[in-house]
Amino acid sequence: MEQKNDYRIEAVDRALLLIRLLNERPSVSVSEVAAELGVAPSTAHRLLATLCHRDFAVQDQHRLYRPGPELIGRSAPSTRQLLRVMRPFIEDLYGRVGESVHLVVPAGSDVRFVDGVEGEQPLRVGIRTGARMPAYCTSGGKAILADLDWSEVVELHRRGLPPWPHAKVSDLWSLRRQLAGIRKKGYGVNVEESERGVAAIGVSVKSQLGRPVAALSVAIPTARFDRRAEPELYGHLREVCTAAERALAATL
C-alpha cells in the first residue's frame with residue numbers, strides 16, 4: 001500500500017507518474033494514461049498537453065505520445081557508462097573491417113563523436129573524437145534520426161536543418177524521404193556530406209525501450225569507398241551493434 005503523504009501535491013504527483021510512464025514505454029495513448037493514473041481522459045489529455053508544451057512529450061501522427069526532447073537522453077546511459085560498455089565493441093568492429101570506427105551520441109539535432117579507433121592505412125579517415133556535427137550529415141546521425149518518430153525529428157529541427165557546408169539535403173521533407181530509405185535498409189550512408197573525401201556507413205545502438213542512444217560507423221576515404229561493399233559492412237555493424245545492445249541492457 002502506498003504510504004500517505006500529506007504534503008503531496010496531487011497534480012505534480014500525477015505529472016511525475018506520467019513522466020515515469022513515458023520513460024517505461026515506447027508510446028502511450030490518452031486512454032492508457034487515464035487508466036494508469038486513475039483519472040478522466042480529459043485530465044489525462046491536459047497532463048499530456050502540458051508535458052508537450054514543455055517538450056517532455058511529443059504527439060506522433062498516430063495520436064500517440066512519446067518522450068520529448070527534454071526526456072530523450074535522460075533514460076539513456078551516461079557518456080561514461082556508454083564509453084565503458086562500448087569500447088570492446090568499437091575494437092571488435094575495427095578488427096573486422098580494418099577501417100576507422102567512430103562512436104557518436106545524439107546531442108540535440110547534432111551528434112557528438114565520443115570515441116573511436118583510427119585506421120592504420122596510409123590513406124585513412126582521421127579520428128574525430130570531440131567533434132560535433134549535424135546528425136543529418138553523418139551516417140551514424142542519420143541512423144539515429146531514422147529510429148526516431150518523425151514528430152521527434154521535426155521537434156529537433158524546429159528552425160529547419162542547421163546549415164552545413166557539404167550538406168546534400170536542405171529541407172525537412174527531403175530529409176524525411178531519405179530517412180524512410182534508411183529505415184528500410186537499416187543503416188545510414190554519408191558520402192562527402194560531413195566533409196570532403198570521407199564516406200561512412202552507420203548503424204544505431206538502441207536501448208531496451210528501442211530508443212537510439214548512440215551509433216557506430218565505419219569511415220573510409222572516398223577514394224577507396226566501394227558502394228558494393230555496403231552489405232558486408234552493414235552485416236558487421238549490425239552484428240556488433242546487436243551485441244552492444246545486449247551488453248548495455250545487462251549493465252544498466
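Any read-out appearing in this document is the output of simple, stated calculations on the displayed coordinates, not a laboratory observation. These figures come from a predicted structure and were not determined experimentally. For neighbour counting, all protein chains shown are included, and Cβ atoms are generated from backbone atoms with ideal geometry for every residue, glycine included.
How many residues are among the aromatic types (Phe, Trp, Tyr) and either closer than 25 Å to residue 237 by Cα or crowded, with 19+ Cβ neighbours inside 10 Å (or both) if we restrict to segment 124-177?
2
Could you tell me how many of the residues in segment 120-157 are within 13 Å of residue 176 (Cα to Cα) and among the basic types (Lys, Arg)?
Going through segment 120-157 one residue at a time, the tally reaches 1.
Here are the criteria: (1) buried (at least 21 other Cβ atoms within 10 Å of the Cβ); (2) closer than 19 Å to residue 190 by Cα. Tell me which single one residue 110 does not satisfy.
It is condition (1) that residue 110 fails.
I'd like the full set of residues that are under 16 Å from the mean Cα position of the chain (by Cα) and over 19 Å from residue 53 (Cα atoms), limited to segment 142-177.
142, 143, 144, 145, 146, 147, 148, 175, 176
Mind telling me which of the residues 243, 200, 215, 250 ends up being touching a helix residue (DSSP H, G or I) at 6+ places or on another chain (Cβ under 6 Å), under 29 Å from residue 66 (Cα atoms) and not basic (Lys, Arg)?
Answer to the selection: 215.
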